[in-house]
Amino acid sequence: MNSTNHDPGAAFGNDPIFRMRGVTREYRVGDNVIHALRGIDLDLHSGELVVFLGASGSGKSTLLNILGGLDSATSGSVRYHDLELCGAGDAALTDFRRRHVGFVFQFYNLIPSLTARENVAIVTEIATNPMPPEQALAMVDLGARADHFPAQLSGGEQQRVAIARAIAKQPAVLLCDEPTGALDSLTGIKVLKALEHVNEKLGTTTAIITHNEAIAAMGDRVVRLSDGRISDVSDNAKRANPETLSW
Amino acid sequence: MRALNRKLLRDLWNLRAQAIAIALVIAGGVATWVISLSTIESLQTSQRMFYQNYRFADVFASLERAPRSTMAPIEQIPGVRAAEGRIRTSATLTVSGFDEPVEALVTSVPESGRGELNRLYLNAGRLPQPGSDVQVVISEAFAEAHDLATGDTVAGIIRGRATRLVITGIGLSPEFVYQIRPGSLFPDHTRYAAIWMHRQSLEQAAGMEGAFNDVVLQLERGANGAAVIERLDSILERYGGTGAFGRDDHTSHSYLSEEMEQLEAMAWIVPLIFLGVAAFLLNIVVHRMVRMQRDQIAILKAFGYRNGAIGLHFTGLVLLIVLLGALPGIALGGWLGHGLASIYREFFRFPELYFHVGPAVIASAAGVTTAAALAGTWRALWQAFRLMPAEAMRPEQPGRFHRSLAERLPLVRRMDQPSRMIVRNLERQPVKAVLAITGIALAAAILVTGRFQQDTIDFMLDVQFGFAAREDLTVTFTEPTGRRALHELQSLSGVIRSEPYRAVAVELVHGHRSHKSAIQAFAADAMLHRTLDADLDPISLPASGLLLTDWLANRLNVKPGQRLEVRVLEGNRRTTEIQVAGIVREFVGASGYMRLDTLNRVLFEADSISGAFLMTETDQRRILFEQLKTRPRVATSSLRENAIASFTRTMGENIRIFSLINTLLAGVVAFGVIYNTARLALSERARELASLRVLGFRKGEIAWVLLGELVLLTLVAIPLGLWIGHGFCNLIGHAMASEFYRVPAIVHGDSYAFATLVVVVAMLISMLAIGRRIARLDLVEVLKTRE
Ligand SMILES: Nc1ncnc2c1ncn2[C@@H]1O[C@H](COP(=O)(O)OP(=O)(O)O)[C@@H](O)[C@H]1O
Ligand SMILES: [Mg+2]
């Protein structure tokens, strides 16, 4: 299967916001070299919601981290619009993340000593064009819990705060690494709804990583990874409403 | 407020118990730093101001008698800016209501009023005028000791003549900042006074009309002091000059300089211990914090916070704790320093003690504290700075445990599981265990060091008055006298035994090194007053030659068997050579010792003696004093017990206050280290402990896992701390060694016991506090949190 020839959905513009070519990532552990990514070619288009599917250890997180500027490719090219991320320095990558990227992680990673509102504010304070923290929390249906500390929230609620934190700065891309990984299916669906809502409302390009096949249906596109390579890319004719999903 | 700052404050709040413990230790370090530096500064300023404004002389000389016309050639010596010839003599005073005689040094004040040099500062009253009644200004310390005021009178005997002295003023002189009888160990303001009389009055009283017997000079800036002294000596030689000397050999000045040097040498020792401990505590707290917050740091960086911002964030936390300690530390230091300054005022008499905590002192305190805190935490801060977010998001690998080496020991193999956990944990984190032990040991060491001063003074008093000087009464003659005077003393009622002594002011010269000192000579069969070596054994004086104190031998670089040139600075001013027969280690003073007959022979002075030591019958003393006071040739007589009592009275209270403060500070250090160690262990191992609880272990059993470790660390630390403390005492002793005394590192068993007790109490308090937390350990909460 040749992924480079893939024609993205017509709904999205032809100019990709991310363009990955021949991306590899190797980790050196002692004398061993682990090939986490073995040559990835992929474009992401503005506004689309892509689901990355793959078994544990297939390289999903590595790919997402490289896209988000948390990590650098060993070789190849990763372009965000005209900005080459591969080989960029730490300061440039920090700046890139600050301006364009929102992250959601499996374990929410909220700051326990800050309230929900403050967890959002800590990001909006350094952003150029943020929305008010309250508005971000309202978008994930948590307006009423703004003054609660993470320890006072359930897992699903914490993850929605994390989503609010990620979108409040109105990033160009939202990168979610196993956002439902630590949640039961009912709560997970709530979180996915929040993500879909944001994608629709703000048009944020969204990448969701999961090892859960059921989630694939909610994406515009599904990218499958195995052993550091893209094994398949498929379009969904119609995105499924997260509420119809079950696992 | 920015959310990041809010996080910082809340982190600090969560750490509050530890932060306060650390802040207290920092406060101790800052306080001792501020105390030392500002005390030094205040003494220096006060000294400089007093010397400048009241024109403290540069060169001093005394002589037998010279006509006033001799002042002309002295004024002509190149380099001399001002010269003053004056009269100085000793007197015996009787203060009503006080049985014992008081020795006084009387100095003339020129008729123009205030002298050019060594001018008097008057606290009260006015300068003495000539007239029918003899007016005097008395020294402030003496006035305070006897509650004397202007208008009061004292009876004086000057050169054998009884004179009624009317006090017209109370004052201070730059010559008597430290007012001590030459050769005494401690000042005794009750029995030693400085007084000033109008020149005319003193001329009459001392039979010195138209003459002087003492010269002081002020030099031009950049003048060659040694050359001036040489010229002055040659002028005064024929008038019985005893050798001019500079400020370095001036009693008051040299004591004051000595004291300041000691303060400077010690200024950094104690603060450094405190700050070292604080740095260590900050190290473990911040290290753990950065590790615990790995994922928080990662998320902040993922969202675009820069490395610098994160580094600053944690640095800010460290600096906040520093501030939390430094501010009260500076306040406490200022307050205690003020207290110490007023104690110094008891010994060093300045018109005003300029005490203030200057910006330089505060800046240096803030500087060293910050430096210590950053030195302790830079690795943790660097880790936070460097942390790679992608890396940090990956879960940390679990700590690797293995069966420990100690577990091979049969003793450990028989232990139950919880005890085995203690051993394993200690072995897994050896560095932390070693640091904790060091911290606790340092606390014990500070405690030992704090008690050292008291112990040492006790010891020196014991040695000096218990073994060495066992006489009840010391009698000093106005000038060397024949042996017949001894028989007269012996025949006074109440005298059981009398022993002669001779003290000669000399300059000892060896090669190009020389030192002004004294040779003391005692009878071969002396029993009352003996010289002791460092083992407190009486030294038997050699039949020929001179024994030297080790300090002096070092100074002169001379060994037994070598010969010294001895220049006598009084009487016939003979220069001779004497062989060094041996060297003695002594704690107090620095002089040469000889047998009386040998010294007399070497100096060709028949059977001269300077005074006598008396053993007396207690109930006859009063009468004896009366008899002694009227003897023209008796200059002073001092009673031993009273000297000790007066010293312990002045010093005792102050030392008690300071040792209490020291104990509190050291207690804080001990508590800070022990509590922090335990608190950290608790938070690091809460999950483990909770798991044990879930498995059915009782609270007491899991408490043992944590507290047992604490007990073990403390038990190892205590003996180590006592040993380090003894080392510190040695160090301080070395720093304090001077011509006046070399402090032996004496620590009583009591003090070791006390240090141990304080550390154990600190341990128990920490255990109690931690025990309460263990009892309240919320199992569900602990197991729910991800670590
Ligand atoms: N920092 C690292 N050091 C060493 N190996 C790593 C590191 N990060 C990821 N890997 C390895 O790279 C491979 C891909 O990891 P990852 O991208 O996390 O997989 P996934 O997210 O799909 O589970 C795995 O074999 C993993 O062990
Ligand atoms: Mg992953």
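The values are calculated or read from the model by the stated rules, or taken from the named source; none is laboratory data. Just so it is clear, the model here is predicted, and its values are computed rather than measured. Note that each Cβ is placed from the backbone with ideal geometry, even for glycine, and that neighbours are counted across all protein chains shown.
For this structure, a couple of remarks:
- Meets criteria (crowded, with 22+ Cβ neighbours inside 10 Å and either in contact (Cβ under 8 Å) with a residue 40 or more places away in the chain or of a type in the set (S, T, N, Q) (or both)) for residue B:519: yes
- The helices (runs of 4 or more DSSP H) found entirely in the range A:104-204 include none that carry 2 or more residues being within 11 Å of another protein chain (Cβ to nearest Cβ), more than 16 Å from ligand 2 (Cβ to nearest atom) and at pLDDT below 90.
- Within the range B:305-354, the set of residues being modelled with pLDDT under 85 and part of a loop (DSSP other than H, G, I, E, B) comprises B:352, B:353, B:354.
- Considering A:172, A:168, A:136, the condition of being touching a helix residue (DSSP H, G or I) at 6+ places or on another chain (Cβ under 8 Å), among the small types (Gly, Ala, Ser) and closer than 26 Å to residue A:232 by Cα is satisfied by A:172 alone.
- Only a single criterion out of (1) within 16 Å of ligand 1 (Cβ to nearest atom); (2) over 26 Å from residue A:218 (Cα atoms); (3) buried (at least 19 other Cβ atoms within 10 Å of the Cβ) is not satisfied by residue A:74, namely (3).
- Checked against (1) aromatic (Phe, Trp, Tyr); (2) closer than 19 Å to residue B:505 by Cβ; (3) touching a Gly at 6+ places or on another chain (Cβ under 7 Å), residue B:280 meets all criteria but (2).
- Figure legend. Inter-residue proximity from the range A:212-235: first residues over 18 Å from residue A:179 (Cα atoms) and more than 14 Å from every other protein chain (Cβ to nearest Cβ), second residues among the small types (Gly, Ala, Ser) and away from ligand 2 (no atom under 16 Å from the Cβ), beta-carbon distance below 6 Å, spacing 6+ or different chains. Indicated pairs: A:230/A:3; A:233/A:3; A:235/A:9.
- Qualifying residue in the range A:134-145 (condition: more than 16 Å from ligand 1 (Cβ to nearest atom) and in contact with a Ser or Thr (Cβ under 7 Å, 6 or more places away or on another chain)): no
- Answer from B:63, B:12, B:43, B:24 - the residue that is within 14 Å of another protein chain (Cβ to nearest Cβ) and touching a residue at least 40 places away in the same chain (Cβ under 8 Å): B:12
- As for the range B:405-424, it holds at least one residue that is outside the structural domain of residue B:704 (by TED's automatic domain parsing), of a type in the set (S, T, N, Q) and either within 16 Å of ligand 1 (Cβ to nearest atom) or modelled with pLDDT under 85 (or both).
- Matching residues in the range A:84-139 - criterion: being among the small types (Gly, Ala, Ser) and buried (at least 17 other Cβ atoms within 10 Å of the Cβ): A:88, A:102, A:113, A:116, A:121, A:127, A:136
- For the range A:55-64, the set of residues classified as more than 9 Å from ligand 2 (Cβ to nearest atom) and crowded, with 22+ Cβ neighbours inside 10 Å consists of A:63 only.
- Candidate set: the range A:65-103, residues that are away from ligand 2 (no atom under 13 Å from the Cβ) and of a type in the set (S, T, N, Q); chosen: the one nearest to residue A:20 (Cα to Cα): A:77
- Number of the exception - residue B:357 against (1) over 30 Å from residue B:177 (Cα atoms); (2) not in a helix (DSSP H, G or I): (1)
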